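Laboratory data are not the source of any read-out in this text; all were calculated from the coordinates shown. Only a predicted model underlies this, so the values are computations on that prediction, with no experimental measurement involved. As a convention, Cβ positions derive from the backbone with ideal geometry for all residues, glycine included, and neighbour counts pool all protein chains shown.
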């Protein structure tokens, strides 16, 4: 079914807004221009879906604001065919953005309701994404190493298990910090034992990353 033209126009406006805010990666912008964010928000929010705001989804979680999605994706510096692990599937929107960039995406969600809904979206939009119900703190060792790892919830520090699953030459991006403020952090694995850490200057607010399944 052809989507209403209004949504294509709103996505184009959103892309221009993200460019104005400093997003430079053309591939990331093109992915956001293509993926229908209005399908991922709760009923009644569809016409607001292309505002640069987070919105509630099920289980007390949120779909991140588009700028956050774009920035995390840009910082990750994915290349086509990269094996990427996403911690925190949520609505599935971020995973589909990564899939649109040609990555081989693995995503973990601890909330059963969100896991089921996200898989429905992957099937509806015909993206091949390997999705798992599981504890993000454990990662997915059976499929490691990953060239890129993206964490989409606030975490006080990166678990060693996730660092171990990052390939040498790989990159991890996560919002690190407790309470209401996190710093977007980039960790590059230089060798088997060596990692470097850098930060993006903007302060973010993410829902906390929790252990176990729900």
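Below, the figures for the structure above:
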| read-out | value |
| --- | --- |
| Residue 178-residue 5 FRET efficiency (beta carbon distance; Förster radius 25 Å; 0.05 resolution) | 0.05 |
| Per-residue [θ]222 nm for the chain (sum of -39500 (n - 2.57) over DSSP H runs n ≥ 4, rounded to 500) | -9000 deg cm²/dmol |
| Fully extended contour minus Cα-Cα distance, from residue 13 to residue 59, at 0.36 nm per residue | 13.6 nm |
| Relative contact order computed over the range 81-131 (Cα-Cα under 8 Å; 6+ residues apart), in percent | 42 percent |
| Using alpha-carbon coordinates, inclination of helix 5-20 to the longest axis of the chain, degrees | 50 degrees |
| Selected from 105, 32, 190 as most flexible by GNM, with the chain as the system and alpha-carbon contacts under 10 Å | 190 |
| Fully extended contour minus Cα-Cα distance, from residue 200 to residue 157, at 0.36 nm per residue | 13.9 nm |
| Three-way shape call for the range 25-114 based on the alpha-carbon gyration tensor, with the a/c threshold at 1.5 | oblate |
| Spin-label pair residue 79/residue 211, simplified geometry with 7 Å Cα→Cβ offset, distance in nm | 3.6 nm |
| Computed over the chain: relative contact order in percent, which uses C-alpha pairs under 8 Å that are six or more apart | 15 percent |
| Tensor-based shape of the range 155-214 (alpha-carbon gyration tensor, a/c under 1.5 rounded, otherwise prolate or oblate) | oblate |
| DSSP beta bridge pairing in the range 54-204, given as percent antiparallel to the nearest 5 | 45 percent |
| By average C-beta atoms within 10 angstrom, highest first, the peptides 11-20, 80-89 | 80-89, 11-20 |
| Helix axis angle, 66-76 relative to the chain longest principal axis, alpha carbon, degrees | 40 degrees |
| With eigenvalues of the C-alpha gyration tensor scaled by 5 and rooted, the range 54-159, Å | 18, 16, 15 |
| Antiparallel DSSP beta bridges within the range 135-214, as percent of all bridges there, nearest 5 | 70 percent |
| When the convex hull of its Cα atoms is projected in every direction, mean area for the chain (nm²) | 11.1 nm² |
| Euclidean distance between Cα centres, the range 54-69 to the range 126-189, Å | 18 Å |
